[in-house]
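For reference, the structure discussed in these notes is given below.
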Amino acid sequence: METINRHKSLTTDFQTLFEELKNEGMLEPSLPHVTHRLLELFFYATLGFYLVIQESMLLKAVGTLVLALGQGRGGWVVHEAGHRSLTGLPKVDSFIQAAFYGCFGGLAGKWWSSQHNRHHAMPQRIKRDVDLDTLPLLAFNTKIVKNPKLGRSFFIQNQAKLFIPLDTILVILYWKLYLHPRNAIKRRSYDDLFFMSLHYVIAYYIGFVPFVATMWLGAIYSFGNFTLSHTHLPVTTQPMHWVEYGLLHTMNIEPSLWCNWWMGYLNFQIEHHIFPTIPQFRHPLIADRVKKLAEKHGLPYRCESYTKAVFMAFKNLEHVAEDLRHG
């Protein structure tokens, strides 16, 4: 009964805050902001493509870096489009997601959405959050490893060292060459398949080495940032309130001009999980009120520096490996 009453109170305050934000126009998209983000991606794509087709190896290398940055930055845009919080027009957001995720990443937007929505519904909940399904390459928590032999495998025991240089490229190759194409074909997602095919037309013109390097660096950028706000936090097997999931199993990275840009405002991970349909550039404007909501209900509101978040994520990988080795 105490839990029910607590959840009723939390629901009331959450709904009140949501209505306040809605009435203030916080859920409304910004055309200048959307235009700026899309033009940024076109700039990276155009400049990067121009540079990688030059004869100079230096220019090719710079072009590869530009394309990788564009691929990573494009990931933030398609993430927001996948939440239908980019333009406010679901069909337009769906098209942007399919076009940019397919052309930039060679991946299927619809498959990503189906999996990402499960993560948002119950972050860090075992057998519910697909972001915990990282075996056999990674184990972010000992509780997801049921086979002791797997916990002592080469990949798990060296996961802190292998995550950036090897796991990122292996995962993105698996996604590109098998998981996403298979599911796009199975779902008959013809728009996804069309844009994914354009990705390989682009790959043909930029060349094999720049293509693979771009894919690897882009994966490092995306996966490296995504690990910072969840993976080192506790897991759960229990159902809980929507707001409790967002506050107990996610954390923010300290905001700054560079961090907000570098992480596409997803450094405000708490606000994003509690209010996923609010355009992400507005998260800094609502953060204080979300923090007050947490304080009122005795819930944590975690916020760490980018440097500390990186340290926490990699220390967690080391600790999990050590526990599995001796367990």
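The values are calculated or read from the model by the stated rules, or taken from the named source; none is laboratory data. On a predicted model such as this, the values are computed, not experimentally measured, just so you know. Cβ: placed from backbone, ideal geometry, glycine included. Neighbour counts: every protein chain shown. What goes into the accessible areas is simple: the full protein's heavy atoms, side chains included, and nothing from ligands, DNA or RNA. Shrake-Rupley method; radii C 1.70, N 1.55, O 1.52, S 1.80 Å.
Only a single criterion out of (1) more than 17 Å from W76 (Cβ to Cβ); (2) surrounded by fewer than 21 Cβ atoms within 10 Å (Cβ to Cβ); (3) under 18 Å from the mean Cα position of the chain (by Cα); (4) not acidic (D, E) is not satisfied by H116, namely (1). Being in contact with a Phe, Trp or Tyr (Cβ under 9 Å, 6 or more places away or on another chain) and small (G, A, S) is the filter; apply it to segment 220-245 and report the residue that is surrounded by the most Cβ atoms within 10 Å (Cβ to Cβ). My answer is S222. So for segment 18-28 (the condition being of a type in the set (F, W, Y) and touching a residue at least 24 places away in the same chain (Cβ under 8 Å)), does at least one residue qualify? Among the residues of segment 18-28, at least one is of a type in the set (F, W, Y) and touching a residue at least 24 places away in the same chain (Cβ under 8 Å), which makes the answer yes.
So if I check each of F18, F43, which one is modelled with pLDDT of 95 or more, out of contact with any strand residue (DSSP E or B) (no Cβ under 9 Å at 6 or more places or on another chain), of a type in the set (F, W, Y) and surrounded by 15 or more Cβ atoms within 10 Å (Cβ to Cβ)? Talk me through it step by step, then tell me what you get.
Working: F43 fails: surrounded by 15 or more Cβ atoms within 10 Å (Cβ to Cβ).
Just one listed residue meets the conditions, F18.
Beta carbons closer than 8 Å, at least 6 apart along the sequence or on distinct chains, pair a first residue in segment 262-290 that is within 21 Å of T16 (Cβ to Cβ) and part of a helix (DSSP H, G or I) with a second that is open to solvent by less than 50 Å² (accessible area, probe 1.4 Å) and among the charged types (D, E, K, R) for H283/E271; I286/E271; A287/E271; V290/E271. Of everything listed in (1) more than 30 Å from K8 (Cα to Cα); (2) small (G, A, S); (3) in contact with a Leu (Cβ under 6 Å, 6 or more places away or on another chain), the single unmet condition for A321 is (3).
The residue of segment 72-85 that is nearest to P276 (Cα to Cα), among those that are open to solvent by 10 Å² or more (accessible area, probe 1.4 Å) and assigned to a loop (DSSP other than H, G, I, E, B), is H83.
Conditions (1) modelled with pLDDT of 95 or more; (2) of a type outside the set (D, E, K, R), marked per residue:
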| site | (1), (2) |
| --- | --- |
| Q54 | yes, yes |
| L58 | yes, yes |
| L65 | yes, yes |
| L69 | yes, yes |
| R84 | no, no |
| D93 | yes, no |
| G105 | no, yes |
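Can you name every residue in segment 251-261 that is surrounded by 13 or more Cβ atoms within 10 Å (Cβ to Cβ) and outside any strand (DSSP E or B)? The answer is M251, E254, P255, C259, N260, W261. Annotation: H7 fulfils all but one of (1) under 25 Å from the mean Cα position of the chain (by Cα); (2) modelled with pLDDT under 95; (3) within 30 Å of W242 (Cβ to Cβ); the unmet one is (1).
Residue-by-condition table, conditions (1) touching a Phe, Trp or Tyr at 6+ places or on another chain (Cβ under 7 Å); (2) within 20 Å of M263 (Cα to Cα):
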residue: N23; (1), (2): no, no
residue: L38; (1), (2): no, yes
residue: Y44; (1), (2): no, yes
residue: L47; (1), (2): no, no
residue: L51; (1), (2): no, no
residue: S56; (1), (2): no, no
residue: K60; (1), (2): no, no
residue: V66; (1), (2): yes, yes
residue: G70; (1), (2): yes, yes
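Only one of the numbered conditions (1) over 15 Å from the mean Cα position of the chain (by Cα); (2) closer than 26 Å to E28 by Cα is not met by Y306, and that is (2).
One residue stands out in segment 292-307 among those that are within 27 Å of V77 (Cβ to Cβ) and in a helix (DSSP H, G or I): the one that is most open to solvent (accessible area, probe 1.4 Å), namely T307. Only helices (runs of 4 or more DSSP H) whose full extent lies in segment 120-218 are considered here, and the ones with at least 1 residues that are among the small types (G, A, S), touching a residue at least 60 places away in the same chain (Cβ under 8 Å) and buried (at least 18 other Cβ atoms within 10 Å of the Cβ) are 148-151, 159-162, 180-187. Looking only at segment 231-250, residues that are assigned to a loop (DSSP other than H, G, I, E, B) and either more than 19 Å from the chain's Cα centre (by Cα) or not polar (S, T, N, Q) (or both) come to 10 in all.
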